[in-house]
Amino acid sequence: MIQTLTRLEQLRATISAWKREGLRVGFVPTMGNLHAGHYSLVTLARQHADRVVSSVFVNPTQFGPNEDFTRYPRTPEADTRGLAAAGCDALWLPEVEAMYPFGVELAAKIHVPGVSGVLEGACRPGHFDGVCTVVTRLFNQVQPDVAAFGRKDFQQLAVIRQLVADLQMPVEILAGEIVREDDGLAMSSRNQYLSPDERAVAPAIHRTLLAMHASMQAGVPRARVEAEADAALRSAGFVPDYAVVRRPDFSEPADGEGGARVALIAARLGRTRLIDNVEFDLPA
Ligand code: PAF
């Protein structure tokens with residue numbers, strides 16, 4: 001049985017009661033319109049905690065002025081049912097006033113320099129400030145021992161790890177694997193914006209990432225791998241924001257150098273912007 005909590009006092013009372021019993025609290029923050037990827041994070045959090053809270057809050061401060069805040073899908077009933085089935089104990093469903101008591105304009109903001117400025121941060125100015133601002137607030141509200149984030153948002157995970165380390169927050173960050181449709185498309189709430197024709201094309205992002213991995217393994221120079229990926233995406237009908245291979249800290253590796261890599265793509269298909277990535281190792 002899941003409890004739905006809409007007031008901060010209710011949330012705090014619930015968490016305090018659990019903590020008095022010595023229970024560990026796991027947390028899965030979301031923006032709702034939940035899918036199997038989110039539910040796998042609930043399962044992951046449950047493996048590291050005695051109780052799991054998930055939040056659904058479409059955070060206005062992480063959307064740019066021309067982005068999809070108003071049309072972002074809101075499906076609270078289905079989300080509640082899905083979370084209950086996934087074994088979540090409580091759903092934190094704050095109104096915007098509970099999250100930003102002084103209003104969005106006067107809200108204290110959190111900026112994590114460096115890692116927030118490249119790739120997604122460069123394409124979506126202010127996006128990670130909004131994410132860090134809301135995640136800090138959510139952590140203050142929920143006071144979790146562990147919190148789970150998906151690897152599909154590879155850069156978001158890195159930004160949050162840095163936020164937690166720098167502000168010395170007592171929260172362990174767990175990373176959940178990317179959950180894919182049968183044809184390889186990474187699950188995302190934004191997939192439902194795709195028309196049937198676009199949906200048929202969308203798995204090309206994952207195929208392109210796999211081709212980037214294969215080319216890097218074969219020793220193809222990185223600049224060529226990235227140029228070929230960009231061309232493949234364009235010929236499939238995408239407008240790429242980036243298609244790159246980086247070290248996990250987003251620095252640019254030299255050709256011939258071994259170590260951990262991530263191929264990352266962000267690309268638009270019609271009005272829908274999709275992101276995905278593949279992590280791999282190159283031999284030294
Ligand atoms: O990944 C998301 O869904 C959001 O960025 C998050 C972490 C819930 C913050 O609004």
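The values are calculated or read from the model by the stated rules, or taken from the named source; none is laboratory data. Nothing here was measured: the structure is a model prediction, and the numbers come from that model. Note that we place each Cβ from the backbone using ideal geometry, even for glycine, and neighbour counts take in every protein chain shown. These area figures cover heavy atoms from the full protein model, side chains too; ligands, DNA and RNA do not enter into them. Shrake-Rupley method; radii C 1.70, N 1.55, O 1.52, S 1.80 Å.
Can you compute the label reach from Arg207? Point 7 Å from Cα along the Cβ direction, backbone N cut-off under 12 Å, restricted to segment 240-284.
Those under the cut-off are none; the list is empty.
For the peptides 115-126, 98-109, what is the packing order when you average, over each peptide's residues, the other Cβ atoms within 10 Å and list the highest mean first?
On the way: 115-126: 17.4, 98-109: 12.8.
Highest-to-lowest ranking by the protection proxy: 115-126, 98-109.
So what's the gap between the Cα centers of segment 80-108 and segment 7-37, to the nearest angstrom?
Measuring centre to centre over Cα atoms gives 10 Å.
Whole number please: convex hull volume per residue, Cα atoms of segment 57-206, in Å³.
Working: hull volume 21.1 nm³, N = 150.
Expressed per residue, the convex hull around the Cα atoms of segment 57-206 is 141 Å³.
I'd like the accessible area for Ile173: 1.4 Å probe, protein heavy atoms, all chains in place, Å² to the nearest 10.
Ile173 has an accessible surface of roughly 20 Å² with all protein chains in place.
Average projected area of the Cα convex hull of segment 197-284, in nm²?
Values: hull surface 20.5 nm².
Result: a mean projected hull area of 5.1 nm².
Give the carbon-plus-sulfur fraction of the accessible surface of segment 148-234 in %, rounded to a whole number; probe 1.4 Å, heavy atoms of protein chains only. Spell out each step's value before the answer.
On the way: 2120 of 4190 Å².
Whole-percent figure for carbon plus sulfur exposure: 51.
Put a dot 7 Å past each Cα toward the Cβ at Ala84 and Ala254; how far apart are the dots in nm?
With each label placed 7 Å out from Cα toward Cβ, I get 5.9 nm.
Please give the FRET efficiency for Asp197 paired with Lys19, using the beta carbon to beta carbon distance and R0 = 45 Å, rounded to the nearest 0.05.
Details: r = 51 Å, r/R0 = 1.13.
In this case the efficiency is close to 0.30.
If you count only protein heavy atoms with a 1.4 Å probe, what accessible area per residue comes out for segment 147-284, rounded to a whole Å²? Before the final figure, lay out each step's value.
Numbers: 6330 Å² over 138 residues.
Per residue, segment 147-284 has an accessible area of 46 Å².
Of the DSSP beta bridges with both residues in the chain, give the percent that are antiparallel, rounding to the nearest 5. Provide the component values of the computation, followed by the final result.
Details: 19 of 38 bridges.
So the antiparallel bridges in the chain amount to around 50 percent.
Where both partners of a DSSP beta bridge lie in segment 53-201, what percent of those bridges are antiparallel, to the nearest 5? Please list the in-between numbers first.
On the way: 1 of 9 bridges.
Among the beta bridges of segment 53-201, antiparallel pairing accounts for roughly 10 percent.
Given the peptides 183-191, 249-257, arrange them by the average over their residues of other C-beta atoms within 10 Å, most packed first.
Values: 183-191: 18.1, 249-257: 11.6.
Descending packing order for the listed peptides: 183-191, 249-257.
Want the number for Thr70 to Glu181: 0.36 nm per residue separation, take away the alpha-carbon distance, what's left? Walk me through the numbers before you get to the answer.
Values: separation 111, 0.36 × 111 = 39.96 nm, distance 2.61 nm.
The Thr70-Glu181 span can extend by a further 37.3 nm.
Hey, can you rank 134-146, 85-97 by average C-beta count inside 10 Å, highest first?
So the order, starting with the most tightly packed, is 134-146, 85-97.
Which value in Å does the Kirkwood hydrodynamic radius of segment 11-114 take, with 1/r averaged over all unlike C-alpha pairs and then inverted? Walk me through the numbers on the way to the answer.
Values: mean 1/r = 0.0657 Å⁻¹.
Here the Kirkwood hydrodynamic radius works out to 15.2 Å.
May I have the extent of the alpha carbons of the chain along their three principal axes, as whole Å values ordered from largest to smallest?
Extents along the principal axes: 57, 42, 38 Å.
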